[in-house]
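Structure, as structure tokens:
Any read-out appearing in this document is the output of simple, stated calculations on the displayed coordinates, not a laboratory observation. Since this is a predicted model, take the numbers as computed values, not measurements. Glycine also receives a Cβ, built like all others from the backbone with ideal geometry; neighbour counts cover every protein chain displayed.
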Amino acid sequence: MTPETLARLAAAREARRPVALLTRLPDGAQHLYPEDPVPPAVAEAAASALHDDRTGPAEVAGETWFIHPHNPPPRLIVVGAVHVAQALVPMAVAAGFAVTVVDPRRAFATEERFAEGATLVTEWPDDALAALKPDDRTAIATLTHDPKLDDPALDAALKSPAFYIGALGSRRTHAKRVDRLTELGHGPDAIARIQAPIGLDIGAVTAPEIALSIVAQLVQARRGGPKSARAEKKAA
């Protein structure tokens, strides 16, 4: 790899811009997709590899290419430095997520409570999300039960391409939340993106169990797994 290509890869990583390093075998010619022009069939194979996070060789138009996707790590933005968040952060980090915890209540968002693994942001959720710019590799979970914090976060999340949006709370709590989000201009299709009650339905009760159910649902959403029983009931 040339120093120029290495620098371009580093710049893409810094900007959270997904790229694929394409190496043509056996002559070793290299290109970055989608930054460099490549034949359409090669571009299609590179796009598929990026989508699936799949590294390996590909036979394209009679040539062999080695495709190495460089995707930014998936992010989890947690709104609310609560007990569930304390259990959730290490599990999400172990699952490969870069985690940011957002809570303007500085007594909650402390390094003592989140010793390692998470970036702490003490801005209001709408300001924090505007700065964080959620993309399609970002998941957002609101955990505070406080409409003053959760609603602005959900409003911003629904305007983003985040691949997962979840909100803690009972069905009754969520019904009231739906009314408020509707008043903010969000339609039924948008609001249906919210997983609420959050997490896979595993009968979770304790904070660690709820955190486990959230991580399981995050992985399911990221990997395109089957819908949970709860999601199927909501869709019915």
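Results, tabulated for the structure shown:
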{"item": "Estimated vicinal HN-Hα couplings, Hz - segment 63-73 in sequence order (Karplus 6.51, -1.76, 1.60; Gly, Pro = x)", "result": "10, 9, 10, 9, 10, 10, x, 10, 8, x, x"}
{"item": "Close Lys-Lys pairs in the chain, where close means Cα under 20 Å and separation is 8 or more or interchain", "result": "6"}
{"item": "In sequence order, calculated HN-Hα J values of segment 75-82 (Karplus, 6.51, -1.76, 1.60; Hz; x Gly/Pro)", "result": "10, 10, 9, 9, 9, x, 8, 9"}
{"item": "Packing rank of 169-175, 125-131, 199-205, where each peptide gets the mean count of other beta carbons within 10 Å, highest leading", "result": "125-131, 199-205, 169-175"}
{"item": "Semi-axes of the equivalent ellipsoid for segment 3-70, Cα gyration tensor, largest first, Å", "result": "19, 13, 10"}
{"item": "Amide H within-cut-off set for VAL99, under 5 Å, with H built and near neighbours excluded", "result": "LEU76, THR119"}
{"item": "Coil-residue chymotrypsin sites (Phe, Trp or Tyr not before Pro) of segment 33-103, DSSP, other Cβ within 10 Å capped at 12", "result": "none"}
{"item": "Percent of beta bridges antiparallel (DSSP, segment 3-70, rounded to nearest 5)", "result": "100"}
{"item": "Shape category assigned to the chain from the gyration tensor of Cα positions, a/c cut at 1.5", "result": "prolate"}
{"item": "Relative contact order, percent, segment 75-235 [alpha-carbon distance under 8 Å, six or more residues apart]", "result": "22"}
{"item": "Of the DSSP H helices in the chain, those whose Cα atoms cover at least 15 Å axially and whose Kyte score averages 0.0 or more", "result": "40-52, 83-94, 207-223"}
{"item": "Loop-located GluC sites (Glu not before Pro) in segment 52-157 whose Cβ has at most 10 other Cβ within 10 Å (DSSP)", "result": "GLU111, GLU112, GLU116"}
{"item": "Stretch gain in nm, segment ASP189-ARG223, where the contour uses 0.36 nm per residue and the Cα spacing is subtracted", "result": "10.1 nm"}
{"item": "Residue-averaged 222 nm ellipticity for the chain, from DSSP H runs of 4+ at -39500 (n - 2.57), nearest 500", "result": "-12500 deg cm²/dmol"}
{"item": "The chain - share of DSSP beta bridges that are antiparallel (%, nearest 5)", "result": "45"}
{"item": "Sequence-separation-based contact order of segment 3-70, relative, with Cα cut under 8 Å and 6+ spacing, percent", "result": "35"}
{"item": "Around ALA118: net Lys/Arg minus Asp/Glu count, Cβ-Cβ under 12 Å", "result": "-1"}
